[in-house]
Amino acid sequence: MTYIKTDIPQPGIVELLFYKGPTGKALSKLAQTLLHGPSTLTSGERELIASHVSALNDCEFCHESHSASANAHFNDQGGVVKSLKIGVDKAEVSDKMKALLKIAGKVQISGKEVTPDLIEQAKKEGATDEEIHDTVLIASAFCMYNRYVDGLNTNLPEKKEEYVDMGKRMAKVGYKYPPLFMRKFVIRQMKKKSSSN
């Protein structure tokens, strides 16, 4: 049960985003920019970084939801995500992505864990400065998102299967937040839908 009373009948970060509109809108915009904005990394690759960091942080909601989104982008029945769970070196991704995922893993521990050798290896495998930048920023941001979600002990979906539809929606629509003047209306709709289930 969430540590604070929000009256938002949604799991994970969605509950918190709608609890406080201004921060919810800012955090949603950041996620939209990081995962769906301009980048030479695909949205699927960026979702994979988010999923990987969330797994390392043991944040179930973010790991499962962003894994589902990555699965929707890759359209591979979850093959890439499953292979990454075995280990970065076993992941069914390019050598460039393996190098970037290793950087993301070090960021999860501490920014100071990222060494010149890791950066050089990523560049050797074809990563651009922008891709390295985006990887570090996504990894850093998801450490924040993970701690936000788990620090307030947000609720998980009742059934694991809910993550599949959540992931498809995230892959298709992204993370856009409704205009603040519509927030109360959206919350009412959430409550109506929740009470009818």
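The values are calculated or read from the model by the stated rules, or taken from the named source; none is laboratory data. Values in this document were obtained by computation on a predicted structure and should not be read as measured data. Positions of Cβ are backbone-derived with ideal geometry, glycine not excepted, and every protein chain shown enters the neighbour counts. All accessible areas refer to the heavy atoms of the entire protein, side chains included, with ligands and DNA or RNA removed. Shrake-Rupley method; radii C 1.70, N 1.55, O 1.52, S 1.80 Å.
A quick yes/no check of all residues on (1) in a helix (DSSP H, G or I); (2) touching a residue at least 12 places away in the same chain (Cβ under 8 Å):
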residue	(1), (2)
Glu131	yes, yes
Thr154	no, yes
Pro178	no, no
Arg183	yes, yes
Subset of the stretch 126-163 (residues that are surrounded by 15 or more Cβ atoms within 10 Å (Cβ to Cβ), more than 14 Å from the chain's Cα centre (by Cα) and closer than 17 Å to Ala70 by Cα): Glu162
Pair list, Cβ < 8 Å and 6+ apart or interchain, from the stretch 1-27 residues that are under 18 Å from His63 (Cα atoms) and free of Cβ contacts under 8 Å to residues at least 60 places away in the same chain to residues that are of a type outside the set (Lys, Arg) and assigned to a loop (DSSP other than H, G, I, E, B): Val14/Ile8
Subset of the stretch 165-197 that is within 24 Å of Leu34 (Cβ to Cβ), surrounded by 17 or more Cβ atoms within 10 Å (Cβ to Cβ) and of a type outside the set (D, E, K, R) - its residue that is farthest from the chain's Cα centre (by Cα): Tyr177
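Going through the stretch 110-123 one residue at a time, which ones are touching a helix residue (DSSP H, G or I) at 6+ places or on another chain (Cβ under 8 Å) and part of a helix (DSSP H, G or I)? Let's see the steps before the verdict.
We begin by selecting, within the stretch 110-123, every residue touching a helix residue (DSSP H, G or I) at 6+ places or on another chain (Cβ under 8 Å); these are 111, 113-115, 118-119, 121-123.
Hits for the stretch 110-123 are Gly111, Glu113, Leu118, Ile119, Gln121, Ala122, Lys123.
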Test: Ser94 is in contact (Cβ under 8 Å) with a residue 40 or more places away in the chain and of a type in the set (Gly, Ala, Ser): no
Elements of type helices (runs of 4 or more DSSP H) contained in the stretch 8-86, each with 3 or more residues being open to solvent by less than 40 Å² (accessible area, probe 1.4 Å), under 20 Å from Asp134 (Cβ atoms) and modelled with pLDDT of 95 or more: 21-36, 43-56, 60-74, 79-86
